[in-house]
Amino acid sequence: MFVVPVDTDALGPMLSLGVEPKTEFNSTEQKRNKAGVPQWSVTVFLQKEREALVVTVASPEKPAVPQDGHPVVLVGLEAGTYGSIKGTSASASFYFVATGVRGVQRAA
């Protein structure tokens, strides 16, 4: 496993797309981190890249993310990898975690 901090300024402006409880695989039960804190899937739209990014945020309460389409900033964003090796083949995937998310005032 490999985890690195992400420079959110380099990602450019982000818009909120929603927050949902992160659930266990094939379950409706909300996932929790090692400390027992509920995890949330926060989806943002990266305007510069023109694509959505799903980020895991651990919080006892649902993160107070502004309405859809509102500018937001991810706090403490990190990217990590995980993977598996089966015989002669290997696979790897990326994941993103943040310590929080907050709304940003729109420019006047």
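No value in this document is a laboratory result; all are computed from the given coordinates. As the structure is a computational prediction, the values presented were derived from the model and not from experiment. Here the Cβ is made from the backbone with ideal geometry for all residues, glycine too, and neighbour counts use every protein chain on show.
Which length gain, in nm to one decimal place, applies between residue 33 and residue 81 when the Cα-Cα distance is subtracted from 0.36 nm times their residue separation? Walk me through the numbers before you get to the answer.
On the way: separation 48, 0.36 × 48 = 17.28 nm, distance 1.69 nm.
This chain segment gains 15.6 nm when fully extended.
If we sort 39-46, 20-27, 82-89 on the protection proxy, mean other Cβ atoms within 10 Å, highest first, what's the order?
Working: 39-46: 19.0, 20-27: 10.8, 82-89: 8.1.
Per-residue Cβ counts within 10 Å, averaged per peptide and sorted highest first, yield 39-46, 20-27, 82-89.
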Among the lysines, which have Cα under 23 Å from the Cα of residue 22 when same-chain residues fewer than 8 positions away are ignored?
31, 34, 62
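Taking only C-alpha pairs under 8 Å that are 6+ residues apart, what is the relative contact order of the chain in percent?
Numbers: 237 pairs, mean separation 31.5, N = 108.
This gives 29 percent for the chain.
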Under a crude label model (7 Å from the Cα following the beta-carbon direction), how far is residue 26 from residue 2 in nanometres?
3.1 nm
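With a ≥ b ≥ c the root eigenvalues of the C-alpha gyration tensor of the stretch 2-103, is it rounded (a/c under 1.5), prolate (a/b larger than b/c) or oblate?
oblate
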